[in-house]
Amino acid sequence: MEQQKAATLAEIATADAAALEAIRVATLGKSGTITAYLKTMGKLTPEERQVRGPVIHGLREAVATAIADRKALLDAQALDARLATERLDLTLPVALPPAGSVHPVAQVMDELAEIFADLGFAVATGPEIEDDWHNFTALNIPETHPARAMHDTFYVERTDGSDAGAEARMLLRTHTSPVQIRTMLSQQPPIRIIAPGRTYRSDSDATHTPMFHQVEGLVIDRGITMGHLKWTLETFVKAYFERDDIVLRMRPSYFPFTEPSAEVDVGFTWDKGKRVIGGGGDAGGGGWMEILGSGMVHPRVIAACGLDPAEWQGFAFGCGIDRLAMLKYGMDDLRPFFDGDLRWLRHYGFAALDMPTLSGGISA
Ligand code: DAH
């Protein structure tokens, strides 16, 4: 037995997992050699048992312990080997879905670009830091014009320190209308553009923020009339609100850069205490909501851009994008638009890959 013990322990010391299990079965298993010794114990005389008992138990104990130790060692080695091959590099970027989503203002700008592209309009841009001439003077708002006071302008110091006169004064554009001027100066008619972008006025409450968004529209061609303006606006508003029952009302108004000028209201109806764009107007207890300003481009504006107003006419319109977004997507406070709160974005935001298309649904 002592010999068997030494031989078995030596085998265990070098066994792999499979060999170890074979040794366990051959020695301690149901018909194993050591199990067989244990079974002989009952037939021994008390004297024999006193001598052989400790030897048999010693053998069983030594082999069982050696197998358990070897197994623990092999398991630990196997685990180490697995951990080495399955190592994860936690410094690699993970492919989680992005936390952000498309802001409603960006979504509406995309929708506008899609709608107007279908009507043959290009998207134009201009600088947010403008000079006085493009923002005011060229738009028929001279130095002394009262409309200047209404614009609550943020003026900016020129970095070159020069004082090149009032018209070179720099400011944050108060509307997107200066893009009309830049486009007429840089392109030959016929012109069909929209110009969405940021605008600034020193004004802040529940419905005004110092930075807000507008979209400008401009068409310059021969023989353009108010009829073209009305059709374009109706087509745009129907496509934007995705409803055919849109009713528009043009109200005579005044803007220095258009003559005649019209403010445009869209009819709404009430549904469960909420205003819904579409139908209505005065009928059925609904009402009107102002959505944009428009008119025929003033001959002086056309002339300021070096074009002959006798040959070229056009219409223009300007519209608040934030307000358009609120009306369409049912948001009633303007301030969260500029808070950068991810919870608000998760509620109102749009998936980055859902591009608005006329065929697939403009707000899909
Ligand atoms: N620029 C005007 C504003 O900010 C909006 C506007 C009105 C633009 C009439 C136009 C227009 O092009 O024709 O209040």
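Throughout, read-outs are computed from the coordinates displayed, never taken from laboratory work. No experiment lies behind these values; they were computed from the predicted model shown. No Cβ is skipped: glycine too gets one built from the backbone with ideal geometry, and neighbour counts run over all protein chains shown.
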### Sequence of Tyr348, Tyr200 once ranked by neighbouring C-beta atoms within 10 Å, starting from the fewest
Tyr348, Tyr200
### Task
Could you compute the FRET efficiency for Glu143 and Asp308, with r as their C-beta to C-beta distance and R0 at 25 Å, rounded to 0.05?
0.45
### Summary
Within the set Thr144, Thr199, Thr45, GNM on the chain using Cα springs under 10 Å gives the largest fluctuation to Thr45
### Query
For the residue pair Asp244 and Met289, what label-to-label distance in nm results when each label sits 7 Å from Cα along the Cα-to-beta-carbon direction?
2.3 nm
### Query
What spacing in nm lies between the two simple spin-label points modelled at Arg52 and Gln3, each 7 Å away from Cα in the Cβ direction?
1.7 nm
### Message
What lysines does Lys230 reach when the alpha-carbon gap must be under 25 Å and sequence neighbours fewer than 8 apart in one chain are set aside?
### Response
Lys238, Lys328
### Karplus-derived HN-Hα couplings along the stretch 35-47 (A = 6.51, B = -1.76, C = 1.60, θ = phi - 60°), whole Hz, x at Gly and Pro
4, 5, 4, 4, 5, 6, 4, x, 8, 7, 6, x, 5
### Summary
From the Cα centre of the stretch 164-214 to that of the stretch 79-135, the distance in Å is 24 Å
#### Entry: Length gained when the stretch Ala13-Lys272 is fully extended (0.36 nm per residue, less Cα-Cα span)
85.0 nm
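Can you compute the FRET efficiency between Asp354 and Leu119 using 1/(1 + (r/R0)^6), with r the Cβ-Cβ distance and R0 = 25 Å? Round to the nearest 0.05. Each step should come with its number before you reach the end.
Numbers: r = 22 Å, r/R0 = 0.89.
Working from the Cβ atoms, E equals 0.65.
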### Query
Using a Gaussian network for the chain with springs between C-alpha atoms less than 10 Å apart, which of these wobbles most: Gly349, Gly227, Gly42?
Gly42
### Query
Once the piece of chain linking Ala168 and Met226 is laid out straight, how much longer is it, given 0.36 nm per residue of separation minus the C-alpha distance between them?
17.5 nm
### Summary
One point scatterer per Cα, no solvent, Debye formula: log10 I(q)/I(0) for the chain at q = 0.10, 0.11, 0.14 Å⁻¹ comes out as -0.73, -0.85, -1.17
### Query
Ser31 to Leu83: extension gain in nm, 0.36 nm per residue of separation minus the Cα-Cα distance?
15.0 nm
## Note on the structure
For the chain, the charge dipole (Cβ of Lys, Arg +1; Cβ of Asp, Glu -1; about the Cα centre) points to a positive end, and the Cα of Leu90, Ala36, Leu79 closest to that extreme belongs to Ala36
### Query
Hey, got a sec? Which trypsin sites (Lys or Arg not before Pro) in the stretch 1-69 land in a DSSP loop and have at most 10 other Cβ atoms within 10 Å?
Lys30
### Summary
If one compares the long axis through the Cα atoms of helix 17-28 with the longest principal axis of the Cα atoms of the chain, the angle in degrees, nearest 10, works out at 40 degrees
